[in-house]
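Enquirer: Pasting a structure here, questions to come.
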Amino acid sequence: MSAAAVPSPIRPDAAGPYTGPDAPCLAIWRSGAKRAFTAAQFWRLAGRYAAEIARRPDAGRLTLVMSETAIDAIAFFVGGICAGRLVSFFPPSNPIQDSAHYFEQQAKAIERIAPERIVLFDKAAHDRAAPIAGASGAALELVAPLSAADEAAGDWRAARAAFDARLADHAAARPLFVQHSSGTTGLKKAVGIHARQLHAQHDAYWVATVKARISADPSVASWLPLYHDMGLIATLMLPLVDGTPVTFMDPFEWVARPQIFLDMLHETGASLCWMPNFAFRHYTRLRPHMKRRDLSRVAAWISCSETCRGADAEAFEQAYADWGVRPASVVGCYAMAETVFAVSQALPGAHRTLGVAPGTAIGETVGADAVGVAGAKSILSSGAALPRTGLGVYVDGKPAPDGTYGEIGVSGDLVFDGYLGLTREASQITADGVFMTGDLGVARDGEIYVFGRIKDMIIVNGKNLYASDIEALVGGVEGVRPGRVVALGVLNDQSGTEDLVIVAERRDAAGDAQKVAAQVSELVASAFLVKPRRVLLVEDRWLVKSTSGKISRADNLRKYLAQFAA
């Protein structure tokens, strides 16, 4: 399809609630300060960076943007797209991280990505990144932030037009930008997002689903990192394409001060909020410590990125009901970097859940009666597939009937062309164009229920256990830090099977560790009929998290084996 045949999703002079030079575009809350940018101010900044980037030699390789959530990093990224260069956000280091682990984890990832340069906007972050850049051979560049005068001078329409022209060029060989797929296992894999794919995501998700069925005139509030697909696509790129205003706070500040996000929702009246499941559970626990805010204008709290647990959604709604959170407003979404972002979306108004009993094997049929079985995992529906998207469950590579427990496969316009540097086959794309996700799920009555990753399975003497189920259970034990638990399958050379090992951070260092460990062991044995080989309580921040904020099982298994396996 030629570029001329593809209409731009939005023009700078289009009619709408958030168009025109003075329309709100982006706002950033940082350390108590609030900076708001109109459409004209933001696109002028993006245009300035685009002009600067265009003057640099183009080797065709990737530029990584390492930064906290800041206007200059966002404008540089968008400016790179306007200039036709390949750009990507990448997680920066931060003072509370273990620097040795950060270096080891990110050096390996950057070696695979092989960027041409790494740009940063903060001197301290630049210095922390120096060892990584040196190991990768990438040029490290400290970029001076633009001035206030740059927000007021220049042709903002030209920058927006350059962006729209890139988005309309569906025949371009080079992707618009790159995002990275990462989770609890393995190194990051680079996913090139082409114009046709972002356009398809905008039309199928933002226009036909979010605006048509959830919030007609949306506004967004977000604390999500921009180096993760949920933050980058749902809370930056799709709103930016459409002209929807977004208010950001940095994820590390959210960790330290979660109240600020509620303040943002109250003050801005945002109608949409995306968060991973753990955040809903976190806010439920924090409810007695939060200052009351009006949350009634949020049309949908979209649970994504992690398994969407029905109990956590309902607990959050009940905890904040008197603050205006609507019943059944926490809704599931199934998304991944390999499909730009969303492939399905549940709608507010009713909770639909499905349970899988402990030990259910791939290929078995799941019935509605499993919800009441002891130890069953009750999962919130992630809704129906988006338009022009195929979504089904497969067993041994073949489509399975409705209600079967198996691997989820996705097909259609949104599916990527394969990880950069890998073949389609190595990227788990079948000859028929189906991306095999590695996620376990059930398709039932036209909706998808996502239960976790196949690689999260631990097999003890032939019994299937799912690490996320165990971690969720153990996280509720008194004396264990919620969200800081990892369940590991450790190979036992003598028995030839895996041993279940649980590592958890202690909430109270002065508490009785032996008593807490015994309680964890008894609870797990009762719920899953498997006694852990070992329950290990460790100090605060012992567990390693991935850059997307998830507990990294691969890294924690290596750390456990190195320190405690003997």
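The values are calculated or read from the model by the stated rules, or taken from the named source; none is laboratory data. Given the structure is predicted, the values throughout are model-derived calculations rather than measurements. All Cβ positions, glycine included, derive from the backbone under ideal geometry; neighbour counts span all protein chains shown.
Enquirer: Looking at (1) within 31 Å of the chain's Cα centre (by Cα); (2) farther than 17 Å from residue 483 by Cβ, which one does residue 555 not meet, given that it meets all the others?
Expert: (2)
Enquirer: Please go through the stretch 517-560 and give me each residue that is part of a loop (DSSP other than H, G, I, E, B) and touching a Gly at 6+ places or on another chain (Cβ under 9 Å), ordered by number.
Expert: First pass over the stretch 517-560, keeping only residues part of a loop (DSSP other than H, G, I, E, B): 529-533, 539-544, 546-550, 552.
Correct list: 529, 546, 548, 550, 552.
Enquirer: Quick check on the stretch 289-330: of everything there that is touching a Gly at 6+ places or on another chain (Cβ under 7 Å) and modelled with pLDDT of 95 or more, which residue is nearest to residue 274 (Cα to Cα)?
Expert: Taking the stretch 289-330 first, the residues touching a Gly at 6+ places or on another chain (Cβ under 7 Å) are 294-297, 303, 307-308, 328.
Pick out the ones that are also modelled with pLDDT of 95 or more and you get 294-297, 303, 328.
Numbers: 294: 18, 295: 14, 296: 16, 297: 14, 303: 6, 328: 15 Å.
Applying the filter and picking the extreme gives 303.
Enquirer: Continuing with this model, one more query. Within the group 366, 340, which residue is at pLDDT 85 or above and outside the structural domain of residue 433 (by TED's automatic domain parsing)? Walk me through how you get there before you give the answer.
Expert: Values: 366 fails: outside the structural domain of residue 433 (by TED's automatic domain parsing).
Being at pLDDT 85 or above and outside the structural domain of residue 433 (by TED's automatic domain parsing) holds for just one of 366, 340, which is 340.
Enquirer: Something else now. Would it be correct to say that residue 142 is surrounded by fewer than 21 Cβ atoms within 10 Å (Cβ to Cβ), aliphatic (A, V, I, L, M) and under 30 Å from residue 124 (Cα atoms)? Reasoning before the result, please.
Expert: Numbers: surrounded by fewer than 21 Cβ atoms within 10 Å (Cβ to Cβ): yes; aliphatic (A, V, I, L, M): yes; under 30 Å from residue 124 (Cα atoms): yes.
Yes, satisfied.
Enquirer: Which members of the stretch 310-331 meet the condition of being without any contact (Cβ under 8 Å) to a residue 60 or more places away in the chain and in contact with a Lys or Arg (Cβ under 9 Å, 6 or more places away or on another chain)?
Expert: Answer for the stretch 310-331, where residues must be without any contact (Cβ under 8 Å) to a residue 60 or more places away in the chain and in contact with a Lys or Arg (Cβ under 9 Å, 6 or more places away or on another chain): 312, 315, 316, 317, 319, 320, 322, 323, 324.
Enquirer: Could you please let me know if residue 551 is of a type outside the set (Gly, Ala, Ser), at pLDDT 85 or above, crowded, with 21+ Cβ neighbours inside 10 Å and in contact with a strand residue (DSSP E or B) (Cβ under 6 Å, 6 or more places away or on another chain)? First the steps, then the outcome.
Expert: On the way: of a type outside the set (Gly, Ala, Ser): yes; at pLDDT 85 or above: no; crowded, with 21+ Cβ neighbours inside 10 Å: yes; in contact with a strand residue (DSSP E or B) (Cβ under 6 Å, 6 or more places away or on another chain): yes.
For residue 551, the condition - of a type outside the set (Gly, Ala, Ser), at pLDDT 85 or above, crowded, with 21+ Cβ neighbours inside 10 Å and in contact with a strand residue (DSSP E or B) (Cβ under 6 Å, 6 or more places away or on another chain) - is not met.
Enquirer: Name the strands (runs of 3 or more DSSP E) wholly within the stretch 323-430 that hold at least 1 residues that are in contact with a helix residue (DSSP H, G or I) (Cβ under 8 Å, 6 or more places away or on another chain), buried (at least 16 other Cβ atoms within 10 Å of the Cβ) and of a type in the set (A, V, I, L, M, F, W, C)? Quick ask: steps written out before the conclusion?
Expert: Values: elements: 330-335, 342-345, 353-356, 377-380, 389-395, 406-412.
Fully inside the stretch 323-430 and qualifying: 330-335, 342-345, 353-356, 377-380, 406-412.
Enquirer: Against the condition small (Gly, Ala, Ser), under 17 Å from residue 70 (Cα atoms), in contact with a Phe, Trp or Tyr (Cβ under 7 Å, 6 or more places away or on another chain) and buried (at least 20 other Cβ atoms within 10 Å of the Cβ), how does residue 303 come out, does it pass? Give the steps one after another, and end with the answer.
Expert: Values: small (Gly, Ala, Ser): yes; under 17 Å from residue 70 (Cα atoms): no; in contact with a Phe, Trp or Tyr (Cβ under 7 Å, 6 or more places away or on another chain): yes; buried (at least 20 other Cβ atoms within 10 Å of the Cβ): yes.
The answer is no for residue 303.
Enquirer: While we're on this one: Looking at residue 221 and the list (1) over 26 Å from residue 71 (Cβ atoms); (2) small (Gly, Ala, Ser); (3) in contact with a helix residue (DSSP H, G or I) (Cβ under 7 Å, 6 or more places away or on another chain), which single condition is not satisfied?
Expert: Status for residue 221: all satisfied but (1).
Enquirer: Does residue 490 satisfy the criteria of being part of a strand (DSSP E or B), in contact (Cβ under 8 Å) with a residue 24 or more places away in the chain, surrounded by fewer than 19 Cβ atoms within 10 Å (Cβ to Cβ) and more than 20 Å from the chain's Cα centre (by Cα)?
Expert: Numbers: part of a strand (DSSP E or B): yes; in contact (Cβ under 8 Å) with a residue 24 or more places away in the chain: yes; surrounded by fewer than 19 Cβ atoms within 10 Å (Cβ to Cβ): yes; more than 20 Å from the chain's Cα centre (by Cα): yes.
Taking the combined requirement at face value, the residue satisfies it.
Enquirer: So which of 264, 237 is closer than 28 Å to residue 40 by Cβ, in the same structural domain as residue 214 (by TED's automatic domain parsing) and more than 20 Å from the chain's Cα centre (by Cα)?
Expert: Working: 237 fails: more than 20 Å from the chain's Cα centre (by Cα).
Answer to the check: 264.
Enquirer: Select, from 284, 353, the only residue that is among the β-branched types (Val, Ile, Thr), at pLDDT 90 or above and in contact with a Ser or Thr (Cβ under 9 Å, 6 or more places away or on another chain).
Expert: Working: 284 fails: in contact with a Ser or Thr (Cβ under 9 Å, 6 or more places away or on another chain).
Answer to the selection: 353.
Enquirer: Please state which of the following conditions residue 136 fails to meet, knowing it meets all the rest: (1) within 22 Å of residue 69 (Cβ to Cβ); (2) free of Cβ contacts under 8 Å to residues at least 60 places away in the same chain; (3) in contact with a helix residue (DSSP H, G or I) (Cβ under 9 Å, 6 or more places away or on another chain).
Expert: Only one criterion is unmet by residue 136, namely (1).
Enquirer: Would it be correct to say that residue 217 is in the same structural domain as residue 24 (by TED's automatic domain parsing), acidic (Asp, Glu) and over 17 Å from residue 274 (Cα atoms)? Even if it seems obvious, please write down each step before you answer.
Expert: Working: in the same structural domain as residue 24 (by TED's automatic domain parsing): yes; acidic (Asp, Glu): yes; over 17 Å from residue 274 (Cα atoms): no.
Spelling it out, it is not the case that residue 217 is in the same structural domain as residue 24 (by TED's automatic domain parsing), acidic (Asp, Glu) and over 17 Å from residue 274 (Cα atoms).
Enquirer: Now for a separate question. For the stretch 500-532, give me each residue that is buried (at least 16 other Cβ atoms within 10 Å of the Cβ) and farther than 22 Å from residue 377 by Cβ.
Expert: 505, 506, 507, 513, 516, 517
Enquirer: Another one. Give the number of residues within the stretch 445-465 that are touching a Leu at 6+ places or on another chain (Cβ under 8 Å) and in a strand (DSSP E or B). I'd like the intermediate steps shown before the answer.
Expert: We begin by selecting, within the stretch 445-465, every residue touching a Leu at 6+ places or on another chain (Cβ under 8 Å); these are 448-454, 457-460, 463, 465.
If we keep only those that are in a strand (DSSP E or B) as well, we get 448-453, 457-460, 463, 465.
The qualifying residues number 12.
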